[in-house]
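Take a look at the structure set out below.
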Amino acid sequence: MSGLNNIAEVFSQFQINGEFVAATPYGNGHINDTYCAVFDRRGVAERVVLQRINTRIFTQPEALMENVQRVTAHIAQQVAGEADSCRVLTLIPALDGRAWHVDAKAGYWRAWRFIPNARAYEAVESPEQAFQAARAFGRFQQLLASLPPPRLHDTIPDFHHTPKRFKALEDAIALDSVNRAFLARQEIEFALARQAMVSVLLDANLPERVTHNDTKFNNVLLDDATGEAICVVDLDTVMPGLALYDFGDMVRTATSPSAEDERDLSKVTIQMPMFQAIVQGYLASTASFLTVDEMQLLAFSGKLITFEMGIRFLTDYLAGDTYYKVHRDGHNLDRCRTQFKLVESIEQQEESMNLLVESIASERL
């Protein structure tokens, strides 16, 4: 089952009180197939989001959905009674009561209540937006700090295990299965020259937390009217991890004015006002529980996670684009180059970044 032709059938398998009208592809995600379905509820047009989980990437979809169920239910409980408590991610049960539906071709689907009057942005447009997103992701960690046992499933084992990501790159370089290594000589040299930093976070003995693990700027919805961050989305990689994985990915996606696949590398640079806003927003939510060691590695985590994402794109390019969706020749190599350019920019300003973190953290403690 694929494409729009079968969305009506999928729609009918969830507890949605209305008649299916139409559906269109929704969002710009690299992994899952997402659709916005319009349905008629007593003469009123309403919307719901339907997603097919990419089981090639997420090989244990039921474990993934157990995580998502637990996390969304806990967050809803934590914010109950707040002004925007209705604007949280809410799963719609399937007809059999489960949080997912399995179609005739073993495709795993889920349905989300649509959150109106809010949108995600592909690139940050102001320090205020960066602040809002960072505060939202920090609050996400804060709300889930009280999640009771058992431990969440690892939906993608070793997702942010940078040394293993680096080893995968080395293997891809050696294999060169689609004869692309010669096209990425500079990027390969750049990566190999920075091997020494890949184990720093794992060697720091930091506490394990419940983390989002994919805190791209476009994974938080901002209110159309106020600009306030009102909901964190894309929970497939929520699992045990390091708090700095989340912060580092915010630095990667919200400090540069460029898109993730920008070809004009002159546009790729870390903007210190954006970084300052991220630190302020994140610590506004997390200063009460982060350790001193975590705070001291905030700036470094931005460099490491950006580097990690670069080597993941490079690995996929060398392997023949088997993981990320691509929309043009060399798309993953363009993404890699963007990440590596941002790593260079962070390296040039890392001392100033550390001083800024120290100053903001001292105000919060």
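Bear in mind that the values in this text are calculations on the coordinates, not laboratory data. All figures in this text were calculated on a predicted structure; none of them were measured in a lab. Virtual Cβ from ideal backbone geometry, glycine too; neighbours counted across all protein chains shown.
Descriptive notes on the structure:
- Between Met197 and Val21, the modelled label-to-label distance comes to 5.0 nm, taking each label 7 Å out from Cα in the direction of the beta carbon.
- Computed label-point distance, nm, for sites Glu9 and Asp224 using a 7 Å Cα→Cβ extension: 3.4 nm
- Cα gyration tensor shape of the range 4-115, rounded if a/c is under 1.5, else prolate or oblate by comparing a/b with b/c: oblate
- With helices as the sole contributors, the chain gives -13500 deg cm²/dmol at 222 nm; each DSSP H run of n ≥ 4 counts as -39500 (n - 2.57), and the sum is divided by every residue.
- The string of couplings for the range 56-63 from the Karplus curve (6.51, -1.76, 1.60, θ = phi - 60°) is 6, 8, 9, 7, 10, x, 6, 5 Hz, one whole number per residue in order, with x for Gly and Pro.
- Using alpha-carbon coordinates, inclination of helix 331-364 to the longest axis of the chain, degrees: 80 degrees
- Cross-link reach is defined here as a Cα-Cα straight distance under 21 Å, omitting same-chain residues fewer than 8 places apart; for Lys267 the lysines meeting it are Lys216, Lys303, Lys341.
- Between the range 141-156 and the range 322-346, the alpha-carbon center distance in angstrom: 31 Å
- Here Ala204 and Ala123 are evaluated by their C-beta separation; at R0 = 45 Å the FRET efficiency comes out at 0.90.
- Set the Cα radius of gyration of the range 120-243 against 2.2 N^0.38 Å, with N its number of residues, and you get 1.31.
- Order of Cys336, Cys36, Cys231 - criterion: other Cβ atoms within 10 Å of each residue's Cβ, fewest first: Cys36, Cys231, Cys336
- Here's the picture: a label point sits 7 Å out from the Cα of Ala76 along the beta-carbon direction, and within the range 36-54 the residues with their amide nitrogen under 18 Å of it are 47-51.
- When only Cα pairs below 8 angstrom with a gap of at least 6 residues are kept, the chain shows a relative contact order of 18 percent.
- The distance linking the range 54-75 with the range 241-297 is 26 Å (Cα centroid to Cα centroid, whole angstrom).
- Taking the C-alpha atoms only, the angle from helix 298-319 to the longest principal axis of the chain is near 70 degrees.
- Neighbour-count order for Leu183, Leu304, Leu222, fewest beta carbons within 10 angstrom listed first: Leu183, Leu222, Leu304
- Taking the C-alpha atoms only, the angle from helix 243-254 to the longest principal axis of the chain is near 90 degrees.
- Mean Cβ count within 10 Å, highest first, over the residues of peptides 151-158, 232-239: 232-239, 151-158
- 3J(HN,Hα) couplings calculated from phi for the range 182-187 with the Karplus curve 6.51 cos²θ - 1.76 cosθ + 1.60 (θ = phi - 60°) are, in sequence order, 5, 7, 10, 4, 5, 5 Hz; Gly and Pro show x.
- Gyration tensor (alpha-carbon) shape descriptor, the range 231-290, a/c threshold 1.5: oblate
- Residue order, fewest to most beta carbons within 10 Å, for Lys341, Lys303: Lys341, Lys303
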